[in-house]
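Some notes on the structure that comes next.
The values are calculated or read from the model by the stated rules, or taken from the named source; none is laboratory data. Since the structure is predicted, the reported quantities are computational estimates derived from the model, not experimental observations. Positions of Cβ are backbone-derived with ideal geometry, glycine not excepted, and every protein chain shown enters the neighbour counts. Calculation scope for accessible area: heavy atoms of the full protein, side chains included, ligands and nucleic acids excluded. Shrake-Rupley method; radii C 1.70, N 1.55, O 1.52, S 1.80 Å.
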Amino acid sequence: MGKSYLELVHECDKFPYYEDSPAFYAAHLKNFHAFKVSGCDAVLGYILNSVVEKFYWPEDCWTVDSTNQTVTLVTPPGATADQRSQLVAKTLREAVKRGTFDLLKGWRNELYPVYGPGGEFLLEMERSASPLFGIVSYGIHCTCYVEDENGLHIWVPRRSRTKQTYPGMLDNTVAGGMSTKEKPFECLVREAMEEASLPKDVVRKNARSVGCVTYVYVREARAGGETDLLQPEVEYVYDVKLSADVVPKPCDSEVEEFNLYTIDETKKALANGEFKPNCAVVLIDFFVRHGILTPENEPDYLEIVARIHRRLEYPTVSHATR
């Protein structure tokens with residue numbers, strides 16, 4: 001018996017819901033410190049207690065309140081995002097120097113933004129450190145497909161077996177994280193070329209924005225580095241219908257190969273747990289939108305649709321172009 005679609009959703013959206021059991025939710029939060037920034041009342045992420053204990057927190061810019069379970073970046077009134085970012089970067093460099101966290105051994109030299117209420121840009125931090133602070137991260141996932149008289153076929157890549165995270169697992173055709181100031185569509189165009197050798201003009205012409213998926217992932221061993229860290233994510237989702245003569249090809253070391261799967265082959269791989277957890281969720285969303293997964297053939301349809309569009313408990317930002 002393979003994994004159900006709801007089980008696959010649960011693997012990706014694993015953090016408990018307050019509405020299911022307020023008591024259990026409150027007890028679970030005792031495992032974390034809230035990450036905050038002075039002058040901002042919002043909780044920006046949750047830091048695992050064991051991570052709080054291991055970090056070196058310089059007293060001139062950090063306050064750790066063990067009673068209220070908060071970690072606050074303390075800066076003077078009027079501090080800029082750049083000033084806050086420099087203090088966080090200094091703290092992370094010290095952690096790297098001390099070899100405190102395995103996760104930071106995968107330093108990416110990419111910066112992820114942290115937003116406050118109303119989309120205020122508060123700071124940015126090294127991508128590999130973002131799960132340590134439990135901040136919301138943003139990315140894009142794209143399903144490229146071919147449609148002919150035999151139905152839909154999906155281009156499915158296999159991740160490199162030497163990749164630090166989820167080695168050898170199946171992925172969405174194109175996926176990637178959005179750095180500070182990057183817009184979703186431009187991220188898609190960039191990642192499509194970098195990961196799948198897809199020409200920019202082909203992507204710009206054929207890509208359709210089809211929504212987003214949101215969830216709170218709890219990191220496991222396959223993710224690499226420390227486990228049980230929180231990873232709330234917003235993934236903007238795109239479909240790209242390709243003609244038969246456009247074939248995705250690996251362009252970097254992240255992808256081993258691309259194969260064209262039938263819908264039945266995709267279903268089987270999902271049931272076998274072959275897909276990276278958030279990629280499984282994106283494919284389930286694809287199945288819903290294309291009428292493959294329906295209220296008539298899936299008893300958990302309502303919960304599945306709700307769970308892959310979780311309302312996050314943290315400030316988020318609009319990426320609308322102004």
Query raised in the report: Scanning for something modelled with pLDDT under 95, under 14 Å from the mean Cα position of the chain (by Cα) and open to solvent by 10 Å² or more (accessible area, probe 1.4 Å), does the range 157-165 turn up at least one residue?
Result: yes
Query - Answer from Tyr238, Tyr217 - the residue that is of a type outside the set (Lys, Arg), under 20 Å from Tyr314 (Cα atoms) and at pLDDT 95 or above - result: Tyr217
Query raised in the report: Of all residues in the range 208-241 being in contact (Cβ under 8 Å) with a residue 40 or more places away in the chain and β-branched (Val, Ile, Thr), which is farthest from Leu132 (Cα to Cα)?
Result: Val240
Report summary line: When every residue in the range 12-42 that is assigned to a helix (DSSP H, G or I) and of a type outside the set (A, V, I, L, M, F, W, C) is compared, the one farthest from the chain's Cα centre (by Cα) is Pro22
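Does Asp252 qualify as being on the phi < 0 side of the Ramachandran plot, surrounded by fewer than 14 Cβ atoms within 10 Å (Cβ to Cβ) and touching a residue at least 40 places away in the same chain (Cβ under 8 Å)?
yes
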Requested in this report: Determine whether Pro117 is open to solvent by 70 Å² or more (accessible area, probe 1.4 Å) and either modelled with pLDDT of 95 or more or under 28 Å from Pro248 (Cβ atoms) (or both).
Outcome: yes
Query - Subset of the range 82-103 that is open to solvent by less than 80 Å² (accessible area, probe 1.4 Å) and polar (S, T, N, Q) - its residue that is nearest to the chain's Cα centre (by Cα) - result: Ser85
Query raised in the report: Of the residues that sit in the range 67-81 and are open to solvent by less than 90 Å² (accessible area, probe 1.4 Å) and not polar (S, T, N, Q), which one is modelled with the lowest pLDDT?
Result: Gly78
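Could you run through the range 12-35 and say how many residues are farther than 13 Å from Tyr215 by Cα and either open to solvent by 30 Å² or more (accessible area, probe 1.4 Å) or touching a helix residue (DSSP H, G or I) at 6+ places or on another chain (Cβ under 6 Å) (or both)?
15
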Report task. Would you tally the residues in the range 289-305 being under 23 Å from the mean Cα position of the chain (by Cα) and exposed (fewer than 13 other Cβ atoms within 10 Å of the Cβ)? Result -> 1
Report summary line: Of the conditions (1) over 14 Å from Leu132 (Cα atoms); (2) assigned to a helix (DSSP H, G or I); (3) touching a helix residue (DSSP H, G or I) at 6+ places or on another chain (Cβ under 8 Å), the single one that Lys90 does not satisfy is (3)
Query - Looking only at the range 242-286, and only at residues there that are more than 24 Å from Gly139 (Cβ to Cβ) and of a type in the set (D, E, K, R), the one that is nearest to the chain's Cα centre (by Cα) - result: Lys267
Report summary line: Restricting the range 1-11 to residues that are outside any loop (DSSP other than H, G, I, E, B) and open to solvent by 80 Å² or more (accessible area, probe 1.4 Å), the one nearest to Glu298 (Cα to Cα) turns out to be Glu7
Query raised in the report: Taking interchain pairs and intrachain pairs at least six residues apart, which have beta carbon atoms under 9 angstrom, with the first residue in the range 282-297 and within 16 Å of Glu235 (Cα to Cα) and the second open to solvent by 10 Å² or more (accessible area, probe 1.4 Å) and in a loop (DSSP other than H, G, I, E, B)?
Result: Phe286/Ile292
Query - Residue list for the range 43-81, restricted to those being in a strand (DSSP E or B) and farther than 20 Å from Gly116 by Cβ - result: Leu48, Val64
Requested in this report: Could you tell me whether any residue of the range 274-288 is assigned by the TED database to the domain that holds Ile154, open to solvent by 70 Å² or more (accessible area, probe 1.4 Å) and touching a strand residue (DSSP E or B) at 6+ places or on another chain (Cβ under 7 Å)?
Outcome: no
Query raised in the report: Of the residues that make up the range 129-152, is at least one open to solvent by less than 30 Å² (accessible area, probe 1.4 Å), free of Cβ contacts under 8 Å to residues at least 60 places away in the same chain and either in contact with a Gly (Cβ under 8 Å, 6 or more places away or on another chain) or not in a strand (DSSP E or B) (or both)?
Result: yes
